[in-house]
Amino acid sequence: MAPTRVLVIAGSDSSGGAGLEADQKVIAAHGCYAMTATTALTAQNTKGVYGIHFVPPEFLRKQIDAVIEDVGVDVVKTGMLASAETIETIADALIHHKAKTVVIDPVMIATTGASLLPPEALDVLLARLLPLATVATPNVPEALLLLHKAEPGFELNAVRKADDLETVARAIRRLGPQWVLVKGGHCPFRRDGTAAESKRERELVVDVLVGGEGGEGEEVVVRLESEYYDSRHTHGTGCSLASAIASNLAKGMDMPSAVRAGCRYVQVGIRTAPGLGGGNGPLNHFHSVYTLPFSPGHFIDYLLERPDVAPVWKRFISHPFVLAMGDGTLPIESFKGYLIQDYLYLIHFARANALASYKASSMKDIAASAAIVTHIFREMELHIGYCGGFGISRDEMENTEEKEACTAYTRYVLDIGQSQDWLGLQVAMAPCLLGYGAIAKMLHADPRSKREGNLYWTWIENYVADDYTTAVKTGSGEWQPASPAQTA
Ligand SMILES: Cc1ncc(COP(=O)(O)O)c(N)n1
């Protein structure tokens, strides 16, 4: 399925916690596709805004047109609008492109105190943009500023109880938006719904959503209550909430569900904030996203390059025994000893693969492991022939005692296979499959290796041959995910 597209029209926050940078993280974390039209650049961090560079409105319009005319858009979200002229430009563009779903976060003042919209732009915001909003998401100070500008006689100057939030939301809705979410984070309540007078009394945060698809009698009112959580890591909370709502709407949720899910997302983002910066730090935007620590198709590369694995792997593949095979100095008796142990090892390796058949959850994997078992069976016959060339008989191999190392590794693999799942067993067997491939490849490419007259060169060539390298590739799971465009 192609991802739903969200266009953000907002300012950039160089510190990545608010503005366009936060918006894009939130939208990506929701599995949507983020696009941007930039109103202004800010030089900003968690402590303050040190400069604003305005983008000319004509250029902003070009960005909006370019994006919508080609990629298209499902939801538009606005943030920092910077100037009255910019707002005019955005309103014209939204009307021109018949934007259907518009989330307007009327950003005015940064948490750190800087003005992000000049007061004279409020009139334009009220007249041109709010009427286009599917939902507007002011916090209490922004809502009161808007209301006092729109209705100089508006009687409320502060929110003292949860009912006041509803009054404010209804009043903003009269200014044009279909839905209004008034965010109560700036005025926490006591548990009984009255205003907290001291820090200790801050117990509850109430957000109120008011709206509906139209018609006086159909007004929906939703009160969202959450525990007050004292944190300095709230930079970009408003941007993040509005982007979460925009993403949820883009994915087809109805407004109350989109807002509820958005609020939950932001609450957890604050609770799990990474603690960056010396001031008002950013949220954790990715708490809801499970990320692979490796690029798909490259699990083995990731595993072998991990700092806790790499040195062990290096010691394994450059064991003195291995290096002596490369330069041909390995005593023949040592090699013969290895060949016998390898035969005994293969018996347990076949058993472990049969166990993998048992542990597999699909017929395909059951058959794949069973095929490896029969392959090992054939290999063992070849092995006997190869050993014969060194004067070792089948009888001698079958009557030799397993060495400690062979017992230790094979029983480890079988124990993992017994006690863990299919994947655990595959990983336990991997050093064998991958190790032979890596060792042969390394010795084969090493200019210090002795080719002519090296008794072990056939062994090396055997494991760089096509059939073995294909087995290594298959065993490493080197698959590539299909892109949505291919699967659509
Ligand atoms: C570019 C930009 N946009 C929005 C905000 C508001 O975020 P906050 O209220 O958390 O400071 C910001 N600080 N910077």
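Simple spin-label estimate for Asp92 and Asp365 gives 6.0 nm between the two label positions (7 Å along the Cα-to-Cβ direction from each Cα).
Counting only DSSP beta bridges with both residues in the chain, what percent are antiparallel, rounded to the nearest 5?
On the way: 21 of 42 bridges.
The antiparallel fraction comes to roughly 50 percent.
With everything on Cα atoms, drop me the angle between helix 363-388 and the longest principal axis of the chain, reported from 0 to 90° to the nearest 10. The two axes meet at around 30 degrees. Placing a label point 7 Å from the Cα of Glu151 along the Cα-to-Cβ direction, none of the residues of region 198-239 has a backbone N under 12 Å of that point.
Accessible area per residue for the chain is 50 Å², calculated with a 1.4 Å probe on protein heavy atoms, without ligands, DNA or RNA.
Modelled label positions at Asp342 and Phe59, each set 7 Å beyond Cα in the direction of Cβ, lie 6.6 nm from each other. Could you work out how far the C-alpha centroid of region 348-375 sits from that of region 454-474, in angstrom? Cα centroid of region 348-375 versus Cα centroid of region 454-474: 22 Å apart. In plain terms, the chain is cut at each of the chymotrypsin sites (Phe, Trp or Tyr not before Pro) found in a DSSP loop with at most 15 other Cβ atoms within 10 Å, and the longest leftover piece is 1-153.
Compute the convex hull volume of the Cα atoms of region 354-488, divide it by the residue count, and report the result per residue in Å³ as a whole number.
Dividing the Cα hull volume of region 354-488 by its residue count gives 161 Å³.
For trypsin sites (Lys or Arg not before Pro), the sites in region 196-302 that DSSP calls loop and that have at most 15 other Cβ atoms within 10 Å are Arg232.
Between Glu461 and Ala408, the FRET efficiency from the beta-carbon distance, with R0 = 25 Å, is close to 0.30. Which value, in debye to the nearest 20, describes the size of the charge dipole of region 1-96 about its Cα centre when Lys and Arg Cβ atoms bear +1, Asp and Glu Cβ atoms bear -1, and nothing else is charged? For this selection, approximately 340 debye.
Our note on the geometry: Cα centres of region 1-45 and region 63-99, 14 Å apart. Quick one: Debye curve from the alpha-carbon atoms of region 1-117 only, equal weights, vacuum; give me log10 I(q)/I(0) at q = 0.13, 0.14 Å⁻¹ to two decimals. So the normalised log intensities work out to -0.46, -0.54.
From its DSSP helices (H runs of at least four residues, each -39,500 (n - 2.57)), the chain gives a residue-normalised ellipticity at 222 nm of -15500 deg cm²/dmol. Of the solvent-accessible surface of region 175-321, computed with a 1.4 Å probe and all protein chains present, 54% belongs to carbon and sulfur. At q = 0.20 Å⁻¹ the log10 of I(q)/I(0) for region 156-195 amounts to -0.59, computed by Debye summation with a single uniform scatterer per C-alpha, solvent ignored.
At an R0 of 51 angstrom, the distance between the Cβ atoms of Asp70 and Ile332 translates into a FRET efficiency of 0.15.
Beta bridges assigned by DSSP with both partners in region 1-96 are antiparallel in approximately 30 percent of cases. A simple spin-label model places pseudo-atoms 7 Å from Cα toward Cβ; at Arg160 and Lys199 they are separated by 2.6 nm. Of all DSSP beta bridges confined to region 35-174, the antiparallel ones make up roughly 55%. If the chain linking Arg394 and Glu452 were pulled fully straight, counting 0.36 nm for each residue of separation and taking away their Cα-Cα distance, it would gain 18.0 nm. Multiplying the residue separation of Tyr302 and Arg174 by 0.36 nm and subtracting their alpha-carbon distance yields 40.4 nm. For the chain, pairs of C-alpha atoms spaced more than 44 angstrom apart make up 42 percent of the total. Listed by chain and number, the lysines whose alpha-carbon sits under 25 Å from that of Lys450, ignoring those within fewer than 8 places in the same chain, are Lys314, Lys336, Lys441. Given the pairs Lys251/Lys364; Lys364/Lys473; Lys47/Lys98; Lys100/Lys183; Lys25/Lys62; Lys62/Lys251, which span a C-alpha to C-alpha distance of over 29 angstrom in this model? Listed pairs above 29 Å: Lys251/Lys364; Lys47/Lys98. Students often get this wrong: which residues of region 285-324 have the backbone nitrogen under 16 Å from the point 7 angstrom along Cα-to-C-beta of Lys473? Answer for this model: 297-301. Loop-located trypsin sites (Lys or Arg not before Pro) in region 11-113 (DSSP state not H, G, I, E or B) with no more than 12 neighbouring Cβ atoms inside 10 Å: Lys98, Lys100.
The values are calculated or read from the model by the stated rules, or taken from the named source; none is laboratory data. In this text, all values refer to a predicted model and were calculated from it rather than measured experimentally. Cβ atoms come from the backbone with ideal geometry, glycine included; neighbour counts cover every protein chain shown. Note: areas computed on protein heavy atoms with side chains; ligands, DNA, RNA excluded. Shrake-Rupley method; radii C 1.70, N 1.55, O 1.52, S 1.80 Å.
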